[in-house]
1. If I filter the stretch B:63-88 down to residues being acidic (Asp, Glu) and within 16 Å of B:VAL19 (Cβ to Cβ), which single residue comes out as surrounded by the most Cβ atoms within 10 Å (Cβ to Cβ)?
2. It is to be established whether one or more residues within the stretch A:73-83 are more than 30 Å from B:GLU53 (Cβ to Cβ) and within 14 Å of chain B (Cβ to nearest Cβ).
3. Specify which of the listed residues (B:GLY97, B:GLY52) is within 11 Å of chain A (Cβ to nearest Cβ) and either free of Cβ contacts under 8 Å to residues at least 40 places away in the same chain or open to solvent by less than 50 Å² (accessible area, probe 1.4 Å) (or both).
4. Filter the stretch A:105-114 down to the residues that are of a type outside the set (Lys, Arg) and either open to solvent by 20 Å² or more (accessible area, probe 1.4 Å) or farther than 17 Å from B:LEU43 by Cβ (or both), then identify the one that is farthest from the other protein chains (Cβ to nearest Cβ).
5. Scan the stretch B:1-36 for residues that are within 12 Å of another protein chain (Cβ to nearest Cβ), in contact with a Leu (Cβ under 9 Å, 6 or more places away or on another chain) and more than 23 Å from B:VAL95 (Cα to Cα) and report the count.
6. Looking only at residues in the stretch A:18-51 that are among the hydroxyl-bearing types (Ser, Thr, Tyr) and more than 10 Å from chain B (Cβ to nearest Cβ), which one is farthest from A:GLN2 (Cα to Cα)?
7. Restricting to the stretch A:60-77, what's the tally of residues that are farther than 12 Å from A:PRO31 by Cα, open to solvent by less than 60 Å² (accessible area, probe 1.4 Å) and either of a type in the set (A, V, I, L, M, F, W, C) or within 11 Å of the chain's Cα centre (by Cα) (or both)?
8. So, of the residues in the stretch A:15-59 that are open to solvent by 50 Å² or more (accessible area, probe 1.4 Å) and part of a strand (DSSP E or B), which turns out to be farthest from A:GLY101 (Cα to Cα)?
Amino acid sequence: AQSVTQPDIHITVSEGASLELRCNYSYGATPYLFWYVQSPGQGLQLLLKYFSGDTLVQGIKGFEAEFKRSQSSFNLRKPSVHWSDAAEYFCAVASGGGADGLTFGKGTHLIIQP
Amino acid sequence: DSGVTQTPKHLITATGQRVTLRCSPRSGDLSVYWYQQSLDQGLQFLIQYYNGEERAKGNILERFSAQQFPDLHSELNLSSLELGDSALYFCASSVGGDPLYEQYFGPGTRLTVT
């Protein structure tokens, strides 16, 4: 069965600093990988996704992620965070071409210090 | 605003009761997914419908059922409710049935079982 691990439950970053959120997945074939953001009291919004091709994908709000097959990782990065980036971030995986929902990690809570 | 609507926003009910959660997908989307978000289990995929037919099943309990109607709205029925069913229930919609297609999440229905 596929699974997603987000090792960091909480991360605190100063405003303007760079950010990297870690995500490791377990899946037999090439997965579909996603990063979602959830602001307090809101639903989830897709930041970016990877299916195939270029392993560095660009998303909305200045986020990017890199797929590394050898490390089974799909880490999310942002060069300079803003206070509005404070939220819960979820990494997710799905089986390509199949009938399936998303399997989510437990999430990483991002705190931005002024 | 994702374009996905969920009603009600909040629901408080007692153990043993039955409730129905409603989801209206974005205009043009044929697929509806249901997810449960709880502190214990995190975000879990429950079930997916595509154009009125069940397409995929996740960790959905036998006490729970869902359907998608001809106008494509969907309902999630939860019966014999237990305290542990207290959670945020999200609906997501996408244009196609494959996870390749972006899922747009509604704001969720918060269910409290007392």
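1. Here the answer is B:ASP85.
2. no
3. B:GLY97
4. A:PRO114
5. 1
6. Step by step, filter the stretch A:18-51, then rank; the result is A:SER18.
7. 6
8. Among residues in the stretch A:15-59 that are open to solvent by 50 Å² or more (accessible area, probe 1.4 Å) and part of a strand (DSSP E or B), the one farthest from A:GLY101 (Cα to Cα) is A:GLU20.
The values are calculated or read from the model by the stated rules, or taken from the named source; none is laboratory data. Because the structure is predicted, anything quoted here is derived from the model rather than measured. Positions of Cβ are generated from backbone atoms using ideal geometry, with glycine treated the same way; all protein chains shown enter the neighbour counts. What goes into the accessible areas is simple: the full protein's heavy atoms, side chains included, and nothing from ligands, DNA or RNA. Shrake-Rupley method; radii C 1.70, N 1.55, O 1.52, S 1.80 Å.
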